[in-house]
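Written out below as structure tokens is the structure these notes cover.
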Amino acid sequence: MPHDKPNILFVFADDWGRYASAYQKIEGDNTPNALLNTPNFDRVASEGALFTNGFVPAPSCTPCRSSILSGRYFWQTGRAAILQGAVWDSSIPTFPLILEENGYHIGYTYKVWSPGTPRDQPYGGDRTKYAPAGDAFGRFSHVVTERAKEMSVEAAKETLYDEVRQNFDAFLEARPNGQPFCYWWGPTNTHRTWERGSGKKLWGLEPDDLKGRLPAFLPDVHEIREDVADYLGECLAVDAGLGLLMQRLEEIGELDNTLIVVSGDHGIPGFPRAKCNLYDLGCEVALAARWPGRIPEGRVVDDFVNLMDLGPTFLQAAGIEPPECMSGKGLLEVFESSESGQVDPERTFVVTGRERHVAKAREGNLPYPQRAIRTRDFLYIRNFAPDRWPMGEPKGLDDPDIMPPPYEDLCWKTFICYADLDASPTKAWMIHHRGEERVKNLFEMGFGKFPAEELYDLREDPHYLNNVIGQSRYSPKRIELSQKLMALLREQEDPRVAEESCRFESSPYTDVPS
């Protein structure tokens, strides 16, 4: 039933980059989004606001989610700033528990934050998890392919759609009468693995329609196009799930009393320069919000948004003052503005970063420390340990004359080599073809070591292929962005610049999780 405070529906897909048909109008026909039709995301965007510059605080699951839950930069979340071995500091306030303290019914299905036992989880652990129908949706293409042996593909999909409905219904049924709710729907199917060939078999996506539409740093070959098409199919499944949640809200008369925000925790997995990288393909994400009467519809907003801004935004929407410890800046004024384009003149950049992803990617379980600042026209990256392997140690495969492991093993076993890059057909193809003239340079870009500083002029180089850090005409811009980045890191007490011996370089941050 309607109430004074809005419900909050947060749809947050694992490893989902900026893949939705709403972005085709912005990007044109020369990107993978030209193949997609995501009517439910597009509805949220057209009946609310579509954001063109949404970025994650860190392109790795746990630090990103820790940042969103706490409304802080990921390095301010203690041991939750790393993936494997993360432990939550329960003294850090989180927006869901603050909402609960202020009368909200909270809960989630699928993934929120899960590096430890339920008592370590900031969202409330199993107490707030609603999944009586199961979690098969997270293996969408695998499950549909298997069930389609005994029924039609559409009927097999429907079994997973029913799972989404039942889980959401269980959450709604547990809500005390008249209480506003906050529900986090966190599908994981866009995280690897997925069924090879499923993009075409389950969704009718023709891989070779992607020819000429891939980023320039990826070889434009059928095997990689098929890998992308299979991933896009999982994006379509996420959109279908979003539609089911909106349909249920409409049926109970609460759709228009609900703030809906849709996004994801970083870019596409298993591709070079994507997930676990500070380039756009790793950090740029879809972002749209709908809230009738509060968010004027049909707006396209160019303000730069760090997703850690969402925590304080949800609190603002509920009429709650965000705690001072939240570094994020609430979006309520941007939401309520009638303007498109640049709304808040101060939102002209974001700062992103990374520490440890996979524990055993490098000797001593050391991180790969990076920070970056992204503006409209430039991307500046500071690599604090350029002697280390960004994607993990190659295990000898930096030598093109070394025979690589079997292709199929590289498709499924992440830890064979370059362990910060998920196993995938794309990873396997590039390793097996790394000695070819057409691939050598692209392989080095994605798998090799990075210099201490990188600077890309995105006006001339939208795929960040050419590092201009050594060109004299860019020296003023390098100095400007470096100083701006380092000043923010000092202001926000980033251990990389605030501590003589950075905590991320020693125990317990370098311990191997049991």
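Numbers below:
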{"item": "Any hit, the stretch 106-119, residues being of a type outside the set (A, V, I, L, M, F, W, C) and part of a helix (DSSP H, G or I)", "result": "yes"}
{"item": "Residue in the stretch 459-481 that is buried (at least 21 other Cβ atoms within 10 Å of the Cβ), out of contact with any helix residue (DSSP H, G or I) (no Cβ under 8 Å at 6 or more places or on another chain) and more than 21 Å from Leu214 (Cβ to Cβ) present", "result": "yes"}
{"item": "All positions within the stretch 1-22 that are within 21 Å of the chain's Cα centre (by Cα) and either more than 19 Å from Pro187 (Cβ to Cβ) or charged (D, E, K, R) (or both)", "result": "Asp14, Asp15, Arg18"}
{"item": "Residues of the stretch 497-514 satisfying the condition of being surrounded by 14 or more Cβ atoms within 10 Å (Cβ to Cβ), within 15 Å of Asn365 (Cα to Cα) and free of Cβ contacts under 8 Å to residues at least 60 places away in the same chain", "result": "Arg503"}
{"item": "Evaluation of Gly364 against (1) surrounded by fewer than 13 Cβ atoms within 10 Å (Cβ to Cβ); (2) under 17 Å from Glu454 (Cα atoms) (one fails), failing number", "result": "(2)"}
{"item": "Flag for Ala45 being farther than 20 Å from Thr188 by Cβ and of a type in the set (A, V, I, L, M)", "result": "yes"}
{"item": "Residue in the stretch 125-143 that is nearest to Arg354 (Cα to Cα), counting only those that are within 22 Å of the chain's Cα centre (by Cα) and modelled with pLDDT under 95", "result": "Gly125"}
{"item": "Given (1) hydroxyl-bearing (Ser, Thr, Tyr); (2) surrounded by fewer than 19 Cβ atoms within 10 Å (Cβ to Cβ); (3) in the same structural domain as Glu491 (by TED's automatic domain parsing), index of the condition Tyr380 fails", "result": "(2)"}
{"item": "Residues within the stretch 216-231 that are of a type outside the set (Asp, Glu), in contact with a helix residue (DSSP H, G or I) (Cβ under 7 Å, 6 or more places away or on another chain) and crowded, with 22+ Cβ neighbours inside 10 Å, tallied", "result": "4"}
{"item": "Flag if Tyr407 is over 21 Å from Asp15 (Cα atoms), touching a Ser or Thr at 6+ places or on another chain (Cβ under 8 Å) and hydroxyl-bearing (Ser, Thr, Tyr)", "result": "no"}
{"item": "Residue in the stretch 221-236 that is under 25 Å from Gly48 (Cβ atoms), of a type in the set (Val, Ile, Thr) and under 19 Å from the mean Cα position of the chain (by Cα) present", "result": "no"}
{"item": "Helices (runs of 4 or more DSSP H) wholly inside the stretch 125-210 containing at least 3 residues that are crowded, with 19+ Cβ neighbours inside 10 Å and β-branched (Val, Ile, Thr)", "result": "140-147"}
{"item": "Residue that is over 17 Å from Tyr73 (Cα atoms), assigned by TED's automatic domain parsing to the domain that holds Arg79 and surrounded by 23 or more Cβ atoms within 10 Å (Cβ to Cβ), where the choices are Val301, Val343", "result": "Val301"}
{"item": "Pair list, Cβ under 8 Å, 6 or more apart: the stretch 478-492 residue under 21 Å from Asp457 (Cβ atoms), other residue part of a helix (DSSP H, G or I)", "result": "Met486/Val497"}
{"item": "Residues within the stretch 377-409 that are of a type outside the set (A, V, I, L, M), assigned to a loop (DSSP other than H, G, I, E, B) and touching a residue at least 60 places away in the same chain (Cβ under 8 Å), tallied", "result": "7"}
{"item": "Residue match in the stretch 440-449 (condition: touching a residue at least 60 places away in the same chain (Cβ under 8 Å), loosely packed, with under 12 Cβ neighbours inside 10 Å and outside the structural domain of Glu223 (by TED's automatic domain parsing))", "result": "no"}
{"item": "Answer residue from the stretch 1-31, given it is out of contact with any Cys (no Cβ under 6 Å at 6 or more places or on another chain), of a type in the set (Ser, Thr, Tyr) and in contact (Cβ under 8 Å) with a residue 24 or more places away in the chain and is farthest from Thr109 (Cα to Cα) among those", "result": "Thr31"}
{"item": "Helices (runs of 4 or more DSSP H) (entirely within the stretch 1-91) containing at least 3 residues that are small (Gly, Ala, Ser) and buried (at least 19 other Cβ atoms within 10 Å of the Cβ)", "result": "61-70"}
{"item": "Any hit, the stretch 181-197, residues being out of contact with any helix residue (DSSP H, G or I) (no Cβ under 9 Å at 6 or more places or on another chain) and either within 24 Å of Pro269 (Cβ to Cβ) or modelled with pLDDT of 95 or more (or both)", "result": "no"}
{"item": "Set Gly330, Gly243: member being on the phi < 0 side of the Ramachandran plot, without any contact (Cβ under 8 Å) to a residue 40 or more places away in the chain and surrounded by fewer than 24 Cβ atoms within 10 Å (Cβ to Cβ)", "result": "Gly330"}
{"item": "Residue that is surrounded by the fewest Cβ atoms within 10 Å (Cβ to Cβ) [pool: residues in the stretch 412-423 that are in contact (Cβ under 8 Å) with a residue 60 or more places away in the chain and among the hydrophobic types (A, V, I, L, M, F, W, C)]", "result": "Trp412"}
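The values are calculated or read from the model by the stated rules, or taken from the named source; none is laboratory data. Everything quoted here is computed from the prediction, not taken from an experiment. Cβ: placed from backbone, ideal geometry, glycine included. Neighbour counts: every protein chain shown.
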